[in-house]
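To start, the structure under review is shown below, and the notes come after it.
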Amino acid sequence: MPNMNPTAAHTTTSSNTSQSRRRNVQNYSLIWVDGTIDKSEDEWKNNIEIVEDIISDINIFKKPEECIPLLNTINMEKILVITSGFLGEILVRDIHNLLQLDAIYILCGNAARHKAWAENWSKIQGVFTSINDICDSLKKVVHQIDHNEISISFISNQTIMEIASGQRNLDQLELSYMYSVLFKEIILEIDDADLESFNKLIEYCHQQKVPESQLAYFHHEYHRQSPIWWYTKDLFIYGMLNKALRTFNVECMLKMGFFIRKLHQQIEQLYYKQLDDYRESFTVYRDQALSQQNFQKLLTAKDGLLSFNSFLLASKNRKVSMSFVEDSLRKTTDTVGILFIITINQKQISTSTTPFAMIDDYSAICGEQHILFTMHTVFHVSEITPTVSNNRLWEVSLTLTQSHKSL
């Protein structure tokens, strides 16, 4: 078993941030700015260790200007900031409009002194006097980030017609789409020893500074639960897998290969077991916050195809599926909220390419009527319309289709 030392997490200070940053397997990094931080003091040491149970990449600075170079270099993760009230009032003005910045927390001894100015900034989650209260909010925010940071490929109808007519080759499609197809085909064919692969994943996670308490729990309890349970559990697996597939981190994808295969196989087994439940057409929902750039790609994909290049969690309950996107829209005007309305008609698809399953009886999340689609499920995009209540919230009608026969 790897050394589960909680002080081993990746925490940097302003003195060594010029060094090359390791590859972060999480979808988020934390910037902590406070002039009084002293890691040799028990209180600060304890505060940092509490946050390390959630976020492994913590970067500590004593002056606002010291963190700016790092903030400008982070582009593959969302940025979370904890700052003192005094320094926060200076820092927020300089960083609030950064696209990668997701949330700011003010940690101080006198909340009343800073609440008035903090309320003017939408990304500030609140003014706190306790690190434990910040962590309660952080857990929700990072889960929301993991939910939104998923790889999506958009294929326009014109592209499909060009492929059909021979004017364009399949290898000219968006790289994320092609890589996703190839990886899925390869990884599902591999038959390696589960125990050896599991131990290699544990060692890899330890090297990548996955939060030690989460890793220890996964290590000890893995064989007691199913892959679907672990995928839906509020731990590192869900976000780490999504990020590896989004950034095409080949090393991480291969280390998680046995888990991807087991998860796909469980979905497939449940699919055949539940076939009688799918005789009639039905609808599920998935909310998503898209960048302006990806929203424009979505608009060009009308009457074309959309592929989620990871596993996809949706719900039969529309209200459940709206929970994250509404919070995202409140934070910033840089994103567009999407409610995907997905129609599934079993008579029109092949069971061999598009397995999905109702997972409430197998999930770590109970009562949300979740449907889990296997990796790289492809949909036809039929309608894209703004909602009446909010011009930044759009409804997109999708129909489950067959990936390889659609091109």
Share antiparallel - DSSP beta bridges, the chain, percent rounded to 5:
55
In nm, give the distance between the simple-model label positions of Trp229 and Asp276, each being 7 Å from the Cα along the Cα-to-Cβ direction.
2.6
How large is the direction-averaged shadow of the alpha-carbon convex hull of the range 195-354, in nm²?
11.5
Translational diffusion coefficient of the range 6-147 at 25 °C, 0.890 mPa s, Stokes-Einstein with Kirkwood Rh over Cα pairs, in µm²/s as a whole number.
162
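Of the listed peptides 113-123, 304-314, 385-395, 95-105, what is their order by residue-averaged count of other C-beta atoms within 10 Å, with the highest listed first?
On the way: 113-123: 14.5, 304-314: 23.2, 385-395: 12.2, 95-105: 19.3.
Most protected by this proxy first, the peptides run 304-314, 95-105, 113-123, 385-395.
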Placed amide H near Ala364: partners under 5 Å, 5+ positions off or other chain
Thr232, Lys233
Under a 5 Å amide H to amide H cut-off, with H placed in plane at 1.01 Å, what residues pair with Glu395 once short-range neighbours are removed?
Leu339, Thr385, Thr387
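Expected output is a single nm value to one decimal: the length gained when fully extending between His143 and Lys347, i.e. 0.36 nm times separation in residues minus the C-alpha distance. What is it?
Here the answer is 70.0 nm.
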Quick one: if you stick a label point 7 Å off each Cα along the C-beta vector at His220 and Ile186, how many nm between them?
3.7
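Rounded, prolate or oblate for the range 282-351? Axes are the square roots of the Cα gyration tensor eigenvalues, ordered a ≥ b ≥ c, and the cut-off for rounded is a/c under 1.5.
Oblate.
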Charged-residue dipole, Cβ positions (Lys, Arg, Asp, Glu), the chain about Cα centre, Debye nearest 20
700
What percent do you get for the relative contact order of the range 18-137 when only Cα pairs under 8 Å and 6+ apart count?
25
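Kindly give the semi-axes, whole Å and largest first, of the ellipsoid equivalent to the chain, taking each as the square root of 5 times a Cα gyration tensor eigenvalue.
Working: eigenvalues 276, 130, 78 Å².
Square roots of five times the eigenvalues give 37, 26, 20 Å.
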How large is the dipole of the range 230-297 about the Cα centre if only Lys and Arg carry +1 and Asp and Glu carry -1, each at its Cβ, rounded to the nearest 20 debye?
280
Contact order relative to length of the chain, as percent, for alpha carbon pairs under 8 angstrom and 6 or more apart:
16
Using only the Cα atoms of the range 227-292, what semi-axes does the equivalent ellipsoid have when each is the square root of 5 times a gyration tensor eigenvalue? Give whole Å, largest first.
25, 19, 11
Rg and Dmax of the range 316-385, Cα atoms only, in Å:
14.6, 41
For Ser213 and Asp361, extending 7 Å from Cα along the Cα-Cβ vector and measuring point to point gives, in nm, a value of 3.4
At 222 nm, what helix-only mean residue ellipticity would the chain give, in deg cm²/dmol to the nearest 500, using -39500 (n - 2.57) for each DSSP H run of four or more?
-12000 deg cm²/dmol
For the chain, the charge dipole (Cβ of Lys, Arg +1; Cβ of Asp, Glu -1; about the Cα centre) points to a positive end, and the Cα of Leu195, Gln348, Ser321 closest to that extreme belongs to Gln348
Reachable lysines from Lys297, Cα under 27 Å, same-chain residues fewer than 8 places away excluded?
Lys78, Lys123, Lys184, Lys243, Lys316, Lys319, Lys331, Lys405
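Here, each number is a calculation from the coordinates, and none is a lab measurement. Small disclaimer: the values here were computed from a predicted structure and weren't measured. No Cβ is skipped: glycine too gets one built from the backbone with ideal geometry, and neighbour counts run over all protein chains shown.
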